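Enquirer: Below is a structure I'd like to ask you about.
Bear in mind these aren't lab numbers, they're just calculated from the coordinates by the rules spelled out. Quick caveat, the model's predicted, so the values are computed rather than measured. Cβ atoms come from the backbone with ideal geometry, glycine included; neighbour counts cover every protein chain shown.
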Amino acid sequence: MSAIGQAYVITSICSQRQPFLSDLYAARCVVNGFKSCDELGLSQTLAFVVMPDHFHWLLILQKEGLDSLVRRLKSSTAIELNRNAGTVGRTVWQTSFHDHAVRYDEDVQAIARYIVANPVRAGLVQKVGSYSYWDACWL
């Protein structure tokens with residue numbers, strides 16, 4: 001059960017780990033989905049990274065439940081990604097997602113640094129600043 005005001009790390013993976021998010025348009029679609037959730041007052045984004053086949057999103061839950069928030073994000077981005085690809089009904093996301101409730105004694109900024117360094121650990125870039133699809137509220 002999710003809790004309003006709680007910080008969470010969400011990880012969602014593309015269907016069959018397909019690299020659906022590897023181009024600028026697709027990555028921006030997911031980023032815009034995060035921003036839309038924030039603008040609707042559902043979340044407060046602290047940090048994120050959009051990888052070619054998944055994303056990590058550090059947020060504070062503001063309204064609704066976590067399941068509803070992630071379902072809204074995945075649905076809206078799947079529709080947009082399919083529209084852009086000229087496909088209908090292509091499964092973009094795996095059904096489930098992973099969530100981690102950040103404990104009060106965990107360092108949220110350290111978690112954010114770990115998230116945005118994901119492209120470096122994956123060997124996509126040499127340094128975080130060379131990767132385009134990430135952000136953190138502390139910048």
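Enquirer: Let me spell out the model: positive unit charges on the Cβ of Lys and Arg, negative unit charges on the Cβ of Asp and Glu, origin at the Cα centre of the chain. What dipole size does that give, in debye rounded to 20? Could the numbers behind the result be given before it?
Expert: Working: 13 positive and 12 negative charges, 71 e Å.
Computed charge dipole of the chain: roughly 340 debye.
Enquirer: Ratio of Rg to Rh for the stretch 81-139, alpha carbon only, Kirkwood?
Expert: Working: Rg = 15.8 Å, Rh = 14.5 Å.
Looking at the stretch 81-139, the ratio lands at 1.09.
Enquirer: Right, another one. Just need log10 I(q)/I(0) for the stretch 6-130 at q = 0.18 Å⁻¹, Debye formula, equal scatterers on the alpha-carbon atoms, no solvent, rounded to two decimals.
Expert: After summing over all Cα pairs, the log10 values are -0.98.
Enquirer: I want the local charge near SER15. Using Cβ-Cβ distances under 10 Å, sum +1 for each Lys or Arg and -1 for each Asp or Glu among the other residues. Before the final figure, lay out the partial values.
Expert: Numbers: positive: ARG17, ARG90; negative: ASP53.
Surrounding charge for SER15 is +1.
Enquirer: Residue by residue, what Karplus-based ³J(HN,Hα) values in Hz, rounded to whole numbers, does the stretch 47-60 have, using 6.51, -1.76 and 1.60 with θ = phi - 60° and x for Gly and Pro?
Expert: 6, 7, 9, 10, 8, x, 10, 6, 9, 10, 9, 9, 9, 10
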